[in-house]
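Asks: Mind having a look at this structure? Questions to follow.
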Amino acid sequence: MTPLLELRDISIQFGGLKAVSNLSLTIEREQIVGLIGPNGAGKTTVFNLITGIYRPTAGGVFFNSENINKKRSYERTWLGIARTFQNIRLFKQLTVAENIIFAMHYNRDIGIFSSMLRLPHFWRERNEVNKKANEYLEYINMLDMRNERAENLPYGRQRELEIVRAIATGAELLLLDEPAAGMNPQETKQLMRFIDKVRNDMHKSVLLIEHDMGLVMGISDKVAVLDYGQKIVEGKPSEVQHNKKVIETYLGKGDDDAES
Amino acid sequence: MKVKFLLAVFAVCAMLASVSCGKSKGDELVIGVQGPETGSIAIYGLSDLSGAQLAVDEINDKGGINGKKLKLVHYDSRGDKTEAVNVTQRLINNDKVCAILGEVTSGAMFAIGKIANDSGTVVLSAGATAEGVTDNMPFVFRDTLLDSDGAPQTIKFLTANKNWKNFAIITSVNNDYSVGLSKIFKESILSNGGSVVAEQSISDGDTNISAQITALKNKTFDAVVFSGYYQEAALILLELRKQGIKVPLVGGDGLQSAEVFNVAKTASFGSVFFAGFAPNADVPVIKEFISKMNKQKKTADMFSAQGYDGIYLFAEAMKKSGMNDCTSKEQRDKMRAELASTKDFQGVSGKMSFDEQGNARKVPFVQEFVDDGKGGYSWKLIN
Amino acid sequence: MDAIFNSYTLQIITMCCINIIIVQGLNLISGITGQLSLGHAAFMSIGAYTVTLLMLDLNVPFWLALPLAGLIAGLAGFMLGVPILRLRGDYLAISTLGFGEIVRVLFLNSTTTHGALGISSIPHYTTPLISVILAIVGFIVMFNLTNCRFGLALRGIREDEIAAEMMGVNIAKYKMLAFAIGTGFAGIGGALYACQITFISPGDFAFTRSFEQLSMLVLGGTGSLLGVAAGVIILTVIPEVLRFATEYRMVMYGLALLIIMVFRPQGLFGNIRVNL
Amino acid sequence: MVIQQLLNGLTLGGIYALIALGYTMIYGIVKLINFAHGDVFMLGAFVGFYVAVHFSSNFIVVILVAMAFCMLLGLLIERTAYRPLRSPSASNLIGTVIMVGVIAAAAFLGRNGMNTLFTSAVFYEGLALIGVVIFLLAKGKIRVKHAGASGTSRINALITAIGMSIVLSNTVAIINGPQRVTFPPVLELGSWNVAGMNISGLQLFIITASLVLMFILYFIVHKTKAGMAMRAVSQNINAARLMGINPDKVIGFTFALGSALAAAAGVLVGVFYTVADPNMGSMYGLKAFVAAVFGGIGSLPGAMVGGFALGVAEVFGVAFIAPAFRDAIAFGILILVLIIKPTGIFGSNVKEKV
């Protein structure tokens, strides 16, 4: 079964600094993969490489075993890769519904003429789109806030909206960049259940960057640890948790080493 | 929210309404004057207005026309075509004028000519010199000296009396008056056996023209023809002297301004220009006009002279046609006919009569900047 | 009644409608898509010169020359879009300003457009009725464009280009389309202007005209169509109302601009949820 | 011949550079294209003219008075137009209303002289109106909603700058009258004819004066505490606020410094080209901004290099290509630079963090 996403020895250099050096990683369908590591380990850079903001200086990014190195960001979204951002990038002035509808449009033609002349095709499509958007909103029971401006939502709800917006693009692979940042434990639990539901109900696969170990270890099928741009460990959450090297990268060398 | 919305809509309507209310009273003959009173060519508009104001005051002191006082209404068009058209419409429809002393620039005259002509209101320009401003527009007149009259006669005079043969021509490219006049000057030079050794161009508003003058250094010529306004003319004279070229300037009425001497000082001496107005000519009516203008601390130049004449031309035509109501179209038609048939009108800006196109045909005053011996200058009439 | 609707007010109404059409185009580019353009008057001049040359030199009938003028101005907008739409914010604004000045200088120096002499005796086809109808049609077209997926995509680009691209929008194509349609509107406005004033010269379309159009947009409230109409009417009528102020007129115009921007930053109709 | 044109170019370049420095500093600190800056340059020339005609035609006195006046003007512009946009607090708005009154009075007074000012009805009407508005503001009746971080606040500042530019150029046109003024000879430095070329002392003086003023500015910005505060505010206005810097003061100081340089450029134009025109502000200002962007907006060496380069390019373009294309050349270069290297020669390429 070919993996949904495969990174083959990708690396990227900014000036002298190797932000990511020959990283290989595979994500299967309906799999949740956690990507952890200290700040500055190159996690977000990996996201930017997958979504086409940067092009790797070496190695290749494969989606459904098709090399998408040359593809532009919006083309990658059409193929099925969607992301959220570390600091929320919702369309603040647009309403909740508009944020969702915006993401649903990539695969339809622009349809200037049909909308300019308000042809029947336009009205049919409009109702269909609104119905689908309401379904998504119901999924995160935000239907009542449909016409609220995105900037007026509480922080947690904005996070959820950004995730649903990514889903609305119809993508198979969701890249979530620190979704639980700034959330209290109760909200984080709710988010965990939500991501699990998304994977099971909508058969999405998820690549998750997160510092909240409880969330990552609790939900991921597989975890990869990044340090200074290199993958040092990959495996089941339980294996990764007790791995000596992982502990060192996070907590530094322990005293006992000093004596021996 | 509702209140603010209604407030805005109300403000808009109030403005529209206040704009349209006319205010003409029956017992006066209204004459409109429009031109640039602000902006880069405001000096011409203001001087045209001052000449017209003087004429209207004089006529009213002598009892007005056909028993009615003249009322002068004037608006600023900044020399912008859209504003000029707005002002003309306002004068015709709101102020219900008998006639309009129109714009001083050809561009604006082109824009308003058709409107005045269609509404049957006479418009006379005291400044537009370009070709075609009055073509097949019976209601459009001008009392300016035409470039096509002035330039040929000046060049003929210079080649004959001062035998200047070789000329360099400088044109101000973004100034329609200058582009037109340069063309006529070039034709006149060639037809009088002269030759154009170099052509350079600058633009209105330039302050740095050192490059163009340096480009002329290796050519030999008797004079530099410059068809633009006085500001650039003074700059050219200074730059010529700064780069060691001791040659006079030849130009049109754009050069007739005290500023040329104030800026270029002695460098201006020897420069020649043609104009419709000669302040230093010893003609009584001109001397009188100058003293009256000086009394009001206003400058007597071509624009104020032709504005002054314009009002008197209107007055003559209104008197002969017995006009007493500006709003009646027939009276305005009769007044137009009288104006068109004016012959040998002795004005401050020379003797003139109108051709069938509505242009005043005049003999140009060819004048030269000379040292008046008292540290100043004067314009000696040399033809 | 005729005191209200004499040809003076009709002339102002016509100019208002012409400006509304042009500023609606600018609203699509700078208001809705957030691409600040300081060279909109250049496309107005392209429209004006196109319709004039088509009618006078190639004697194309007016009803055909007008749409062609809009098309050619739109094409010019599309081509300008290619090199400069990668730029952002002030850099984009300054390069559109530069483009505007270059167009003016080109018209100033080309013989077919008679340079600074300008072109006179353009047939007077623009009547108040035509300009009012076209302004209304423009209003409807713009309303439909902004309230559909195309308009939503443009508003998304204004909010956050990176997020928009991540959600699968080809921002370059959308920007260029917005530019093309916006400059097309300016072309049609320019053509109507030429057939109203009957004489055009390059000097009429300098960057001061672009600033005037931008002030109308921002005064009315960027992004709102009602704002466009209000902004245009007020800034067209203010100079007429200030006629009495003779030489103080322009100072008061500048101060009015200043005060409105300080006391009403979002413009008269800006940020009001009625997305008219 | 080429050397002569080069000299012409460097002279013009020095003037563009001085104005461009003001643009770069102001843009660097408040990210605003201050279109009124060109008019500050024009006002510098006019103040120099009035000082030279009425008081003393000693060059040093003329240029210092012009620079001092324009420093105050720079503060006034920032206080009237831009501070309320940044923070529409009641006190800022009151400041704006007062300043607007001052400008209107200056325009009115300029034309009709002091005596008529106090007798005319308009003056008292204006005073009453300002009083009412200040009262409402103080009571908080009129409140201005902050335009928010959305893009519109940047366009608002642009329109305000355009409004201020119209006000300044027309106020001078009213007070002085629309026509050009001719500068009395304030600085006579003669000229030498070397190898068929005419090198004027004035040209050399202007080039050196521009360089000297630029290095003084460079020294202030990079070596003094005030300069450090300016750079801090330009990097991050809120962080600077936390470090105990009062951004409004620092921004005001930047406007004052930039305006002083523009005034110096104005006087130099008056002295060398012997002419000053109320409408010359906008074109010079525009060209100077092109130079600032060309050199890399926000960088002082960039403005210097950009200014000189643009001056030389323009003069060479006029001399060797076609004079009519003078403006097009300047803007043509601009667009080329913006496409190839948008941040200009020295500009730093700030990558947007995702």
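Asks: Out of D:V250, D:V172, D:V212, D:V233, report the one residue that is of a type in the set (A, V, I, L, M), out of contact with any helix residue (DSSP H, G or I) (no Cβ under 9 Å at 6 or more places or on another chain) and assigned to a helix (DSSP H, G or I).
Replies: Within the list D:V250, D:V172, D:V212, D:V233, the selection yields D:V212.
For every residue, the table says whether it meets (1) of a type in the set (D, E, K, R); (2) farther than 17 Å from B:F314 by Cα.
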site	(1), (2)
B:A340	no, no
B:F345	no, no
B:S349	no, no
B:S353	no, no
B:G358	no, no
B:F365	no, yes
B:E368	yes, yes
B:G373	no, yes
B:K380	yes, yes
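Asks: What are the residues in segment C:71-108 that are within 20 Å of the chain's Cα centre (by Cα), among the charged types (D, E, K, R) and over 27 Å from C:Q11 (Cα atoms), if any?
Replies: Result: C:D90, C:E101.
Asks: Moving on. Would segment A:184-205 turn up any residue that is at pLDDT 85 or above, crowded, with 17+ Cβ neighbours inside 10 Å, of a type outside the set (S, T, Y) and closer than 26 Å to A:Q13 by Cβ?
Replies: no
Asks: What's the number of the only condition in (1) surrounded by fewer than 23 Cβ atoms within 10 Å (Cβ to Cβ); (2) within 14 Å of chain D (Cβ to nearest Cβ); (3) not aromatic (F, W, Y) that B:K319 fails to meet?
Replies: (2)
Asks: Return yes or no: is C:A191 in contact with a helix residue (DSSP H, G or I) (Cβ under 8 Å, 6 or more places away or on another chain), within 18 Å of C:N27 (Cα to Cα), crowded, with 22+ Cβ neighbours inside 10 Å and modelled with pLDDT of 90 or more?
Replies: No: the conditions fail for C:A191.
For every residue, the table says whether it meets (1) among the basic types (K, R); (2) within 11 Å of chain D (Cβ to nearest Cβ); (3) touching a Phe, Trp or Tyr at 6+ places or on another chain (Cβ under 9 Å).
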{"position": "C:V218", "(1), (2), (3)": "no, yes, no"}
{"position": "C:V228", "(1), (2), (3)": "no, no, yes"}
{"position": "C:V232", "(1), (2), (3)": "no, no, no"}
{"position": "C:L255", "(1), (2), (3)": "no, yes, no"}
{"position": "C:L258", "(1), (2), (3)": "no, yes, no"}
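Asks: Among the residues of segment C:262-270, is there at least one that is touching a Pro at 6+ places or on another chain (Cβ under 9 Å), among the hydrophobic types (A, V, I, L, M, F, W, C), surrounded by 24 or more Cβ atoms within 10 Å (Cβ to Cβ) and under 26 Å from D:L168 (Cβ atoms)?
Replies: yes
Asks: Kindly indicate which of C:A191, C:A230 is in contact (Cβ under 8 Å) with a residue 12 or more places away in the chain, in contact with a Leu (Cβ under 6 Å, 6 or more places away or on another chain), within 23 Å of B:G79 (Cα to Cα) and in a helix (DSSP H, G or I).
Replies: That would be C:A191, the only listed residue that is in contact (Cβ under 8 Å) with a residue 12 or more places away in the chain, in contact with a Leu (Cβ under 6 Å, 6 or more places away or on another chain), within 23 Å of B:G79 (Cα to Cα) and in a helix (DSSP H, G or I).
Asks: State all residues of segment A:35-56 that are under 25 Å from A:W78 (Cβ atoms) and of a type in the set (V, I, T); if no residue qualifies, say none.
Replies: Of everything in segment A:35-56, those that are under 25 Å from A:W78 (Cβ atoms) and of a type in the set (V, I, T) turn out to be A:T44, A:T45, A:V46, A:I50, A:T51, A:I53.
Asks: Note down all Cβ pairs under 7 Å where the first residue falls in segment A:66-90 and is more than 9 Å from chain C (Cβ to nearest Cβ), the second is loosely packed, with under 15 Cβ neighbours inside 10 Å, and they're at least six residues apart or on different chains.
Replies: A:N67/A:G60; A:N69/A:R55; A:N69/A:G60
Asks: Sort out which residues of segment A:102-136 are at the interface with chain C (Cβ under 9 Å from one of its Cβ atoms) and modelled with pLDDT under 80, and write them in order of number.
Replies: Answer for segment A:102-136, where residues must be at the interface with chain C (Cβ under 9 Å from one of its Cβ atoms) and modelled with pLDDT under 80: A:H105, A:Y106, A:N107, A:R108, A:I110, A:G111, A:I112, A:S114, A:S115, A:M116, A:L117, A:R118.
Conditions tested, residue by residue: (1) under 18 Å from the mean Cα position of the chain (by Cα); (2) more than 15 Å from A:V223 (Cβ to Cβ); (3) among the aliphatic types (A, V, I, L, M).
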| position | (1), (2), (3) |
| --- | --- |
| A:K18 | no, yes, no |
| A:R29 | yes, yes, no |
| A:I32 | yes, no, yes |
| A:G37 | yes, no, no |
| A:T51 | yes, yes, no |
| A:T57 | no, yes, no |
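Asks: List pairs: first in segment D:192-211 and at the interface with another protein chain (Cβ under 10 Å from one of its Cβ atoms), second surrounded by fewer than 19 Cβ atoms within 10 Å (Cβ to Cβ) and acidic (D, E), Cβ under 9 Å, 6+ apart or cross-chain?
Replies: D:L202/D:E188
Asks: Out of B:D309, B:D325, report the one residue that is closer than 26 Å to B:F354 by Cβ and not in a loop (DSSP other than H, G, I, E, B).
Replies: B:D309 is the lone residue from the list that is closer than 26 Å to B:F354 by Cβ and not in a loop (DSSP other than H, G, I, E, B).
Asks: Right, another one. Which one of these does C:I29 not meet: (1) buried (at least 24 other Cβ atoms within 10 Å of the Cβ); (2) more than 14 Å from chain B (Cβ to nearest Cβ); (3) farther than 21 Å from C:I136 by Cα?
Replies: Here C:I29 clears every test but (3).
Asks: Among the candidates A:R83, A:R165, which residue alone is of a type in the set (D, E, K, R), modelled with pLDDT of 90 or more and within 15 Å of C:G156 (Cβ to Cβ)?
Replies: Result: A:R165 is the single residue among A:R83, A:R165 that is of a type in the set (D, E, K, R), modelled with pLDDT of 90 or more and within 15 Å of C:G156 (Cβ to Cβ).
Asks: Filter segment B:129-161 for residues that are part of a loop (DSSP other than H, G, I, E, B), over 13 Å from the mean Cα position of the chain (by Cα) and under 24 Å from B:V250 (Cα atoms) and give the result.
Replies: Of everything in segment B:129-161, just one residue is part of a loop (DSSP other than H, G, I, E, B), over 13 Å from the mean Cα position of the chain (by Cα) and under 24 Å from B:V250 (Cα atoms), namely B:E131.
Asks: Looking at this structure, is C:T111 among the β-branched types (V, I, T), assigned to a loop (DSSP other than H, G, I, E, B) and either crowded, with 19+ Cβ neighbours inside 10 Å or more than 17 Å from the chain's Cα centre (by Cα) (or both)?
Replies: yes
Asks: Would you point out the residue of segment C:172-183, among those that are within 10 Å of chain A (Cβ to nearest Cβ) and buried (at least 21 other Cβ atoms within 10 Å of the Cβ), that is farthest from C:I84 (Cα to Cα)?
Replies: This residue is C:I181.
Asks: Taking segment C:121-171, which residues are charged (D, E, K, R) and more than 7 Å from every other protein chain (Cβ to nearest Cβ)?
Replies: C:E161
Asks: Which of the residues that make up segment A:119-165 are under 24 Å from C:M142 (Cβ atoms), surrounded by fewer than 16 Cβ atoms within 10 Å (Cβ to Cβ) and in contact with a helix residue (DSSP H, G or I) (Cβ under 6 Å, 6 or more places away or on another chain)?
Replies: The answer is A:H121, and nothing else.
The values are calculated or read from the model by the stated rules, or taken from the named source; none is laboratory data. Keep in mind that this is a model prediction, so the values were computed, not measured. Note that we place each Cβ from the backbone using ideal geometry, even for glycine, and neighbour counts take in every protein chain shown.
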